[in-house]
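Scroll down for the structure; my scribbles are underneath it.
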Amino acid sequence: MTAHIGLLRGFLKRELGFEGVVISDYAAITELIQLASQPILLKRPRSRSRRAAIWRDADVLTGCFNPTGRLPVTWPRDIGQIPIFYAERSSGRPADSTDPFTSKYLDLPTAPLFPFGHGLSFGRVKLEKIRASPENFQSEYQIKVEVDAVNEGRTATEETIILFVHDCEATVARPLMELKAWEKIALAPGQTKTVAFALKAESFCFPGQDLEPMLEPGDFDILVGLNADRKSLLTTSARLPSWRALPAAG
């Protein structure tokens, strides 16, 4: 924690010329991050005005540059949530705010501050009309997943579309979501573009109890979105009706 605070103080001093900023704990860092899309006011004991405004890069503020970077990790609200990631295994008692006997925190939400893939830009991209074909597939075939991306904003932008898979039932516990594919696209204002993913059977296999790759018949959820927030993802399904041995590697 001391290292994180030291890095932040160093950034404020080196890049912005601020000294004497008091940052004592993780909550303060989290608050700074939450306000990062706005001007941040920090008290400076040695300053005549006693306040200093930290502004983002002028090009970003004026819209001359459209940021399109996305988080490569899940960002927690508090250190008590660590480890936290989208690929966790399901709990026997998933969080339910109305049930006191489910797995959750007493003093903060279970959701992260920012999910994997989170990012802000001046574009406003919406995904719609997810579809998969064929819905029933065999191990020697590919399944094609398509989704329409619409830029509803007035600024040209780039967006990263992320695809996850969830095995609904397996002999080995599987993650709630597994990242399988992604695509970065450019969209003009008002433009609609269809994004297509081709998933091979290997995308649905997993290490068995003998640690060898295996592919079991059953249903699979296919989730597509802009980040790993499960509530914001579009979902379709595919089914492997019968088991076929995967071809030997090499």
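Every number in this text was worked out from the coordinates using simple rules, so none of it is lab data. Bear in mind that the values here come from a model prediction, so they are computed numbers and not experimental data. Quick reminder, even Gly has a Cβ in these numbers, built from the backbone with ideal geometry, and neighbours come from all protein chains shown.
Quick rundown of the values:
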item	result
Cα centroid separation, region 143-176 to region 88-121 (Å)	20
Total formal charge among the other residues, if their Cβ is under 15 angstrom from that of Val125, Lys/Arg +1 and Asp/Glu -1	0
Environment charge of Val147, counting only residues whose C-beta is closer than 13 Å and scoring Lys/Arg +1, Asp/Glu -1	0
Region 139-196: trypsin sites (Lys or Arg not before Pro) in DSSP coil with no more than 13 other Cβ atoms inside 10 Å	Arg154
Mean Cα-pair separation over length for region 93-195, i.e. relative contact order, pairs under 8 Å, 6 or more apart, %	23
Relative contact order (%) - region 174-242, alpha-carbon pairs under 8 angstrom, separation at least six	21
